[in-house]
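Worksheet for the structure shown next.
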Amino acid sequence: MFTVQVEKECGCFKRSEIEKEKTFDKREDAISYSRAIAEIMNEDFCKKHHFTARASAGDEFMISVGEGSGGGCCGGGHCG
């Protein structure tokens, strides 16, 4: 099993319907999903954070969050 997780939940993520963790039988499916979700989050969220899909340890893939182009914070409580 391969797992895709969102590293930190910003306010936009909490308000979305995206799952924090999802598992897949195939590595390729996990890679495709993590890249697609990161792209959706970058396009649809408030632009105060930037999301990146990356391989983590073993069979895990992480969608990490960093500062985006809009500056400030969306109020998710994870920036402080």
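The values are calculated or read from the model by the stated rules, or taken from the named source; none is laboratory data. Here the structure is a predicted model, which is why all the values come from computation and not from measurement. A quick note on method: Cβ atoms are made from the backbone with ideal geometry, for glycine too, and the neighbour counts reach across all protein chains shown.
Brief remarks on what is shown
- Filter result (modelled with pLDDT of 90 or more, closer than 14 Å to GLU9 by Cβ and among the hydrophobic types (A, V, I, L, M, F, W, C)) within the range 39-80: MET41, PHE45, PHE51, MET62, ILE63
- Pairs, first farther than 16 Å from ASP29 by Cβ in the range 46-61, second at pLDDT 85 or above and assigned to a loop (DSSP other than H, G, I, E, B), C-beta under 7 Å, six or more apart: HIS49/CYS10
- The residues of the range 19-53 that are in a strand (DSSP E or B) and over 10 Å from GLN5 (Cα atoms), listed by number, are PHE24, HIS49, HIS50, PHE51, THR52.
- Filter result (assigned to a helix (DSSP H, G or I) and touching a Phe, Trp or Tyr at 6+ places or on another chain (Cβ under 6 Å)) within the range 1-18: CYS12
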